1. Could you list, in sequence order, the residues of segment A:57-116 that are of a type in the set (Gly, Ala, Ser) and closer than 20 Å to B:Phe94 by Cβ?
2. Does A:Cys23 satisfy the criteria of being under 22 Å from B:Tyr33 (Cα atoms) and within 14 Å of another protein chain (Cβ to nearest Cβ)?
3. Taking into account only those residues within segment B:69-95 that are surrounded by fewer than 20 Cβ atoms within 10 Å (Cβ to Cβ) and assigned to a strand (DSSP E or B), which is farthest from the other protein chains (Cβ to nearest Cβ)?
4. Considering only segment B:38-61, I want to know if a residue exists there that is under 15 Å from the mean Cα position of the chain (by Cα), away from chain A (no Cβ under 14 Å) and in a strand (DSSP E or B).
5. Right, B:Arg109: modelled with pLDDT of 90 or more, farther than 12 Å from B:Val4 by Cβ and within 12 Å of another protein chain (Cβ to nearest Cβ) or not?
6. Any idea which residue in segment A:10-36 is surrounded by the most Cβ atoms within 10 Å (Cβ to Cβ), counting only those that are of a type in the set (S, T, N, Q) and modelled with pLDDT under 95?
7. Go through segment A:33-114 and tell me which strands (runs of 3 or more DSSP E), entirely inside it, have 1 or more residues that are within 12 Å of another protein chain (Cβ to nearest Cβ) and within 21 Å of B:Gln100 (Cβ to Cβ).
Amino acid sequence: GAGVSQSPSNKVTEKGKDVELRCDPISGHTALYWYRQSLGQGLEFLIYFQGNSAPDKSGLPSDRFSAERTGGSVSTLTIQRTQQEDSAVYLCASSLEGRGFGGELFFGEGSRLTVL
Amino acid sequence: AQTVTQSQPEMSVQEAETVTLSCTYDTSENNYYLFWYKQPPSRQMILVIRQEAYKQQNATENRFSVNFQKAAKSFSLKISDSQLGDTAMYFCAFMDQGAQKLVFGQGTRLTINP
């Protein structure tokens, strides 16, 4: 596709349920990032994938959060047993370059998660 | 750990005026990259301008320019001849050469009034 695609655009769930958020990066981009943006706040780094390297999971806030990237392309962020504090916009970004190149990140429009 | 600070939560100016958004950062690294991203109400983040720390010359992109002061660890964004379409959240961000994650400031909400 022309840009980074994220789905669903909006997700409302009940506390305790599991959710999956999907990111389809720009074709050919080797780097993929997940960020979380709480209401009116900056972006909090969650996880980074670069090619076939082990992902940097240092930003995941708890073991309820996990992510995978299949075939070096599509990524899924999974939140288990959702809590109200998980409510936020989850942004995915991809980049052509990887570590150390300081390349531009291209962002999707985000998935807004609301946990009731 | 690197940190990015934007001290102006909100700013408001009249159309056609010039506005400067402040950003400071903290790092012990010598080689790194700095960015300004714009997030309009549509939510999609868009790169405004990028600066490589080893370059002394300030980056410019049309009406957008930066004042990069490496010793002071300051990276401000100047918007000249502001337009209504410049209304957005603006985020300053940092990436060091050895790392992979972009560290963001808390953002400045800029409103351009007609």
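1. The answer is A:Ser58, A:Gly59, A:Ala93, A:Ser94, A:Ser95, A:Gly98, A:Gly100, A:Gly102, A:Gly103.
2. Spelling it out, it is not the case that A:Cys23 is under 22 Å from B:Tyr33 (Cα atoms) and within 14 Å of another protein chain (Cβ to nearest Cβ).
3. B:Lys78
4. Yes, segment B:38-61 contains a residue that is under 15 Å from the mean Cα position of the chain (by Cα), away from chain A (no Cβ under 14 Å) and in a strand (DSSP E or B).
5. Here the answer is yes, as B:Arg109 does meet what is asked.
6. A:Thr30
7. Ranges flagged: A:43-50, A:88-95.
For (1) free of Cβ contacts under 8 Å to residues at least 60 places away in the same chain; (2) out of contact with any Ser or Thr (no Cβ under 6 Å at 6 or more places or on another chain), each residue gets a yes or a no:
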{"position": "B:Pro9", "(1), (2)": "no, yes"}
{"position": "B:Glu17", "(1), (2)": "no, no"}
{"position": "B:Tyr25", "(1), (2)": "no, yes"}
{"position": "B:Glu29", "(1), (2)": "no, yes"}
{"position": "B:Trp36", "(1), (2)": "yes, yes"}
{"position": "B:Met45", "(1), (2)": "yes, yes"}
{"position": "B:Ile49", "(1), (2)": "yes, yes"}
{"position": "B:Gln56", "(1), (2)": "yes, yes"}
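The values are calculated or read from the model by the stated rules, or taken from the named source; none is laboratory data. What you see is a predicted model; the values in this text were computed from it and never measured. Backbone-built Cβ (ideal geometry, glycine too); neighbour counts: all protein chains shown.
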